[in-house]
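Input: a single structure, listed below in structure tokens.
The values are calculated or read from the model by the stated rules, or taken from the named source; none is laboratory data. Since the structure is predicted, the reported quantities are computational estimates derived from the model, not experimental observations. FYI the Cβ positions are ideal-geometry reconstructions off the backbone, even for glycines, and counts take in every protein chain you see. Ligands, DNA and RNA are stripped out before the accessible areas are found, and what is left, the full protein with its side chains, is counted by its heavy atoms. Shrake-Rupley method; radii C 1.70, N 1.55, O 1.52, S 1.80 Å.
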Amino acid sequence: MATVADIKSALENVKYPGFAKSIIEFGFVKDVQVDGSACSILLDITSSAKEVEEELRKEISTVLSNLVENITINIKKPQEPKQHSNSVSGKNIAPHIKNFVMVSSGKGGVGKSTTTVNLAVAAAMQGKKVGILDADIYGPNIPRMMGLQGKEVEVIGNKAKPFNAYGVDVMSMGSLMQEGQALIWRGAMIMKAIEQLLRDILWEELDILFIDMPPGTGDAQLTLAQSVPVTCGVNVTTPQHVALDDSRRSLDMFSKLHIPIGGIIENMSGFICPKCGEESDIFGMGTCEALAEQYNTQVLGNLPIEPAIREGGDAGKPVVYFQPESESAKRYMKATQKLIEYINEVSDKVENASIQPTTPPGVSACSTAGAAKSSNHSHGGGCGCH
């Protein structure tokens, strides 16, 4: 006959999902009772996720199958966040994440992914529970920048477990496809991928999920905004006026999607000489102030061209973590503080009800059927785009 000590010894082999420690080591096993060939176990865990509970029940039943015949498992856990009605706040397929920050740019090559990485790591260093979702379908660079290149994704049940680096949970399209593979996707495939990256990843209860978006203003941005209430958007640009023209489109997109604008990051704003430390204005500097005023937002930071940023990105060692005394790291930290303050101001007011599709599921807004069932202001077939 198994004893309480036997049961607890066996439970030392049950790892808490996502961690190397067992449920015994974490102290999650609160009570064990044995009555002949039956036992009763009480757990008190910290996650509200259904997948975590299911995994624990399965593993406990497996390790105790040779010791007892009848197993009763009672699990206490935090109440799962409730999905608000769409009529109140819109759709939210990841309600356990408190805040979503969309990092966007009007064009590529302005340092959007570098900004995402360093803002996220800086937020984690300031005590926030943070994640990065690399939704840049066509250029997923986050794995390299976070030192995760080549690592395989662990699958638990039917969901993927995020990596963790520098205190940040990370998942990227680059980790889910073959390295160097070109994706030639149409809009519907992009939309489905964005939803799956939010729904089918075992994200923990995060304070902030930074989402690195593809450049531009397309299907990915609209799908994200309709899938979760985005707390705010961050626009990344460079000082040149040709870049600012594209930034206006990105900022206008935030406005049209009713996404609060958290601020603008001006990258390549001056150059810091690695030998003498002098800062020189080579591409322009401070040109975003007028743009920020136009869109009633703030400049979060003016980040210079500094070799340490490029070196850190290529080596998977974010500058804000590995060179905290550098000028760039200090500016990233200050920008993150300003962003967190803004998130705290607007977090409770965010909703996306106004941009939900009005057509029935599976019916395109551009189809005749979709147009007939959505609104009466269209007098032709479909939405008039053909």
With DNA, RNA and ligands ignored, accessible area of Asp245 (1.4 Å probe; Å², nearest 10): 80 Å²
Subtracting the Cα-Cα distance from 0.36 nm times the residue separation, let me have the gained length for Ile71 to Phe322 in nm, one decimal. 85.5 nm
Neighbour net charge for Lys129 - beta-carbon separation under 14 angstrom, K R +1, D E -1: -2
On a full-extension model of 0.36 nm per residue, what is the gain between Ser61 and Glu25, subtracting their alpha-carbon distance, rounded to one decimal in nm? 11.1 nm
Residue-span extension gain [Arg310 to Glu154] - 0.36 nm each, minus C-alpha spacing: 53.2 nm
Plugging the Cβ-Cβ distance of Gln240 and Asp44 into 1/(1 + (r/R0)^6) at R0 = 45 Å yields, to the nearest 0.05, a FRET efficiency of 0.20
Distance in nm between label sites at Gln126 and Gln196, each 7 Å beyond Cα in the beta-carbon direction? 3.5 nm
